[in-house]
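Just so it is clear, none of the values below were taken in a lab; they were calculated from the coordinates. No experiment lies behind these values; they were computed from the predicted model shown. All Cβ positions, even for glycine, are placed from backbone atoms using ideal geometry, and neighbour counts span all protein chains on display.
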Amino acid sequence: MQIDLIRNFSIIAHIDHGKSTLADRLLELTGAVSARDMRAQLLDSMDIERERGITIKLNNARLSYQALDGKVYELNLIDTPGHVDFSYEVSRSLAACEGALLVVDASQGIEAQTLANVGLARELGLQIIPVINKIDLPAADVNMAQEELLDVLGIDPDECILASAKEGLGIQDILEAIVRRIPCPQNNNKPLQALIFDSYFDEYRGVVAQIRIKEGRMRKGMKMQTMQTGQEHEVLELGVKTPALKPVDELSTGEVGYVIANIKAIEDATVGDTITDASAPAAEPLPGYKPAKSMVFCGLFPVDGEQFEALREALGKMKLNDAALQYEPETSTALGFGFRCGFLGLLHMEIVQERLEREYDLNLLATTPAVEVEVVKTNREIELIDSPAKLPPVSSIEAIREPLVKAVIITPNTYTGAIMELCQKRRGIFRDMEYLDKTRVRLNYELPLIEIVTDFFNKLKSVSQGYASFDYEFIEFRESDMIKLDILLNGEPVDALAVIIHRSTAESRGRKLCEKLKELIPRHMFEIPIQAAIGGKVIARETIRANRKDVTAKCYGGDVTRKRKLLEKQKEGKKRLKSVGSVDIPQEAFLAMLKIE
Ligand code: GDP
Ligand code: MG
């Protein structure tokens, strides 16, 4: 392909502003997919992505477009995820492009991820094409959206393309803008450098690495080398996604495609690594990306101890396609053998759990989400701790530092008060506030990460009736008065229920946690005291009263089917119970921390 006919671009948008719908229209209009084959949101391929309407894994497609100038262009569309948990994947895909379509919902205007994504795109020097979408909606306010783009991001209103992805309006204008405004890739006649911007594991073919050729060319049959590992492999297949895989003999500078080279483990073709020619290697690799960093941790335990090996295997398989997932074996006195897992955020955690259960038929218990803290010990050593159970004895702790984030919240100003109150409760430090237009404001806060992973997002949505949007990035670990809150059932500390929290919130949360646990743990044949304690000192207590009645007693032994039904129902309810000592604890109890104010 002639390099001046190539355009590589991504679509960036706040969630729900129409990125996937627009991608569909582009595929349709360029004939990559016939309207008949068109499933809604073709690029969102994973089941969960469809159900939840989010894009998780990157996916790309090559489109062939005959522009108004008569020439046929090769447009490579690289999809990006649209959730705050996945922003590192956004920068991955952007690094493979020269430009980005910025989609903004005409009825919503700029939202938190709009800002975050534009920030990423500008850092990488991409040409941004603003698209104001959903102009078909009665609530669309194109002027408002344009004004915001100008005021907040300095985007010229004349550059904005008005579109409706749903109705197919403005799609050709967008394609023309891609061709005219986005620069073509550069060719510096240097040795091969191909950026791996995504890779997935195929059971039959091994690793399929998605690549962008930055310099040089790649041919089928050549010996390639991944620069980080130094490993060499023969290129067995090269191709492009249309979006179906289509083999080609060669990929040259500027092109986007995939490579299969009998690579057995995803670690050998890590995202961000550079592929070069083993016989004429490049002097240096391309700048990679920061590796994905786990922000949220929890224990995953099989409800049935026999599933431990199956869980290990499932996590191993999942890790092949999810570089951001981390795990290591963990033993809990309460829950037995399981794994401590690290995730990008709460959504990522939910998705992984859901996939493990659905795709590998496992029944799992997840413990309270936690964040990593830095523990400064009296001997001056610094240890990173990702689980309350791993906290060293109090006597050897000099200080604890917790992760802080910079949070951006955008909201209609009617909710400002309620949101500030929420942030206050969550130990937020107010930084500043700015009006985006007459009715909407941007709030900047510093917030402890732990306060965000414990259900901040849902609370924010509920106090703003769904209108506030939110984005955050890690700033630093900062010294904070953190303590371990133990929960005792029947006098026994349950390690999987312990949490590390701030001293100022410990008492009230301890109390509420006990109340919540009392609701969630079913009655047993005996009385169960629930206690919250700090360093051995009990700060709250509740009691679950004994249940003397047999659940089937009121059937009077008469109706057998009814009795069986009842017992079956009881068994059903037991599915996610884990016996700890003599107490059955349901899954909800481990997530009770998320449910309290
Ligand atoms: P994404 O999260 O950015 O990928 O957004 P989607 O493409 O999934 O769209 C979110 C919702 O907005 C879906 O219900 C779409 O049908 C709807 N939508 C997308 N584009 C338009 C549009 O131009 N007009 C209207 N009315 N709805 C749209
Ligand atoms: Mg989408």
Fewest to most Cβ atoms within 10 Å: Cys184, Cys341 sort as Cys184, Cys341
Kindly provide the pair-distance distribution of the stretch 201-318 built from C-alpha pairs, with 5 Å bins from 0 and whole-percent values in order of increasing distance.
2, 10, 18, 20, 16, 11, 8, 7, 5, 2, 1
Proximal aspartates and glutamates relative to Lys377, as straight alpha-carbon distance under 16 Å, when same-chain residues fewer than 8 apart are discounted:
Asp386, Glu398, Glu402, Glu479, Asp481
Once the stretch 374-480 is represented by equal point scatterers at the alpha-carbon sites, with solvent omitted, what log10 I(q)/I(0) does the Debye formula produce at q = 0.11, 0.16, 0.22 Å⁻¹?
-0.42, -0.72, -1.09
Highest mean first, how do 373-380, 352-359, 444-451 rank when packing is the count of other Cβ atoms within 10 Å averaged over residues?
444-451, 352-359, 373-380
About the Cα centre, and with charges only on the beta carbon of Lys, Arg (+1) and Asp, Glu (-1), how big is the dipole of the stretch 374-480? Nearest 20 debye, please.
340
Could you tell me how many degrees, from 0 to 90 and to the nearest 10, lie between the Cα long axis of helix 142-153 and the main elongation axis, the longest principal axis, of the Cα atoms of the chain?
80
The relative contact order of the chain, taking Cα pairs under 8 Å that sit 6 or more residues apart, comes to a percentage of 10
How far is helix 503-520 tilted, in degrees, relative to the longest principal axis of the Cα atoms in the chain, given as a value from 0 to 90 rounded to the nearest 10?
80
For the chain, max minus min Cα coordinate along each principal axis, in Å, sorted largest first?
83, 67, 58
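Evaluate the charge dipole of the chain about its Cα centre and quote only its size in Debye, nearest 20, assuming +1 on the Cβ of each Lys and Arg and -1 on the Cβ of each Asp and Glu. Kindly include the intermediate steps, with their values, before the conclusion.
Working: 75 positive and 90 negative charges, 425 e Å.
For this selection, approximately 2040 debye.
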In debye, nearest 20: dipole of the stretch 62-189 around its Cα centre with unit charges on the Cβ of K, R (+) and D, E (-)?
480
Unit charges at the beta carbon, dipole of the chain: most positive-side option, Met227, Ile521, Ala177
Ile521
Using only the alpha-carbon atoms, how far is helix 346-360 inclined from the longest principal axis of the chain? Give it as 0 to 90 degrees, nearest 10.
90
Can you give me the C-alpha center-to-center distance between the stretch 109-132 and the stretch 221-259, rounded to a whole angstrom?
30
Residues Val104, Val179, Val271, sorted so that the one with the fewest Cβ neighbours within 10 Å comes first:
Val179, Val271, Val104
Just going by the charge dipole of the stretch 296-367, with Lys and Arg at +1 and Asp and Glu at -1 on Cβ, which of Gly345, Thr367, Gln307 is farthest out on the positive end?
Gly345
Listed by chain and number, the aspartates and glutamates with an alpha carbon less than 13 angstrom from that of Lys264, same-chain partners under 8 positions apart left out, are Asp202, Glu203, Glu232, Glu234
Rg/Rh of the stretch 138-286 (Cα atoms, Kirkwood Rh), to two decimals, equals 1.13
Going toward the positive end of the dipole of the chain, with +1 on Lys and Arg Cβ and -1 on Asp and Glu Cβ, which of Leu22, Val499, Asn117 do you reach last?
Val499
